[in-house]
């Protein structure tokens, strides 16, 4: 059985990715990273999913890096999480949620871990809907980073994959539904709280994805 390392936030995309990897008969090693984000609700969901799937799961504490990643609504308490009307495009407001170089940082940690356990496959949940805003969710980044890390590790078998990079979020929801993903254990909201806020851009994207996929969303929303 091939082993893989998955960057596992506990959000919708990475949860579906864990279920897909398990269905594809990978020995899954999932890592969730604390990087000083505004809340830890996704991590709680990740723990539940890992237990349900019976996969290896580690939570890595890099919280002190928060001091270097300022200016993002996800890591800087002085930056408000923008509220966005559901019917509007929100690329400009999403820019405030960019965490500088986040995927490159997370992937570097995942690759170090993968080398230590002889796992040649690293997966993360970047998808096409993020392409317009997040540079490190683009296919070009994935391909270039794989080339760089093969040189860094001297491992030509190393693969870095974003299986959803050509899919939108509605397609990911549809795939998760087929795989039996318990969506109620996934967390999407940028704000954090007892239930999803329903008005941040992430909540709106989630609601749109479920609506377009025709899958019922079990998520509770405040608004």
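The values are calculated or read from the model by the stated rules, or taken from the named source; none is laboratory data. All of these numbers come straight from a predicted model, not from anything done at the bench. Neighbour counts run over all protein chains shown; Cβ positions are idealised from the backbone, glycine included.
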I want to confirm something. Restricting to segment 95-140 and keeping residues that are loosely packed, with under 15 Cβ neighbours inside 10 Å and under 22 Å from residue 173 (Cβ atoms), which single residue is modelled with the lowest pLDDT?
132
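Here are 180, 166: which of them is modelled with pLDDT under 95, under 26 Å from residue 212 (Cβ atoms) and either touching a strand residue (DSSP E or B) at 6+ places or on another chain (Cβ under 9 Å) or surrounded by fewer than 19 Cβ atoms within 10 Å (Cβ to Cβ) (or both)?
Values: 180 fails: modelled with pLDDT under 95.
Being modelled with pLDDT under 95, under 26 Å from residue 212 (Cβ atoms) and either touching a strand residue (DSSP E or B) at 6+ places or on another chain (Cβ under 9 Å) or surrounded by fewer than 19 Cβ atoms within 10 Å (Cβ to Cβ) (or both) holds for just one of 180, 166, which is 166.
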Residue within segment 169-178 that is within 12 Å of residue 16 (Cα to Cα) and assigned to a loop (DSSP other than H, G, I, E, B) present:
no
Qualifying residue in segment 204-211 (condition: out of contact with any helix residue (DSSP H, G or I) (no Cβ under 8 Å at 6 or more places or on another chain) and crowded, with 18+ Cβ neighbours inside 10 Å):
yes
A careful count of residues in segment 1-34 that are over 22 Å from residue 209 (Cα atoms), outside any strand (DSSP E or B) and in contact (Cβ under 8 Å) with a residue 60 or more places away in the chain gives 3
Please pick out the residue among 172, 160 that is buried (at least 20 other Cβ atoms within 10 Å of the Cβ), under 18 Å from residue 105 (Cβ atoms) and modelled with pLDDT of 95 or more.
160
Within segment 29-53, can you find the residues that are touching a strand residue (DSSP E or B) at 6+ places or on another chain (Cβ under 6 Å) and closer than 18 Å to residue 126 by Cβ?
30, 31, 32, 33, 46
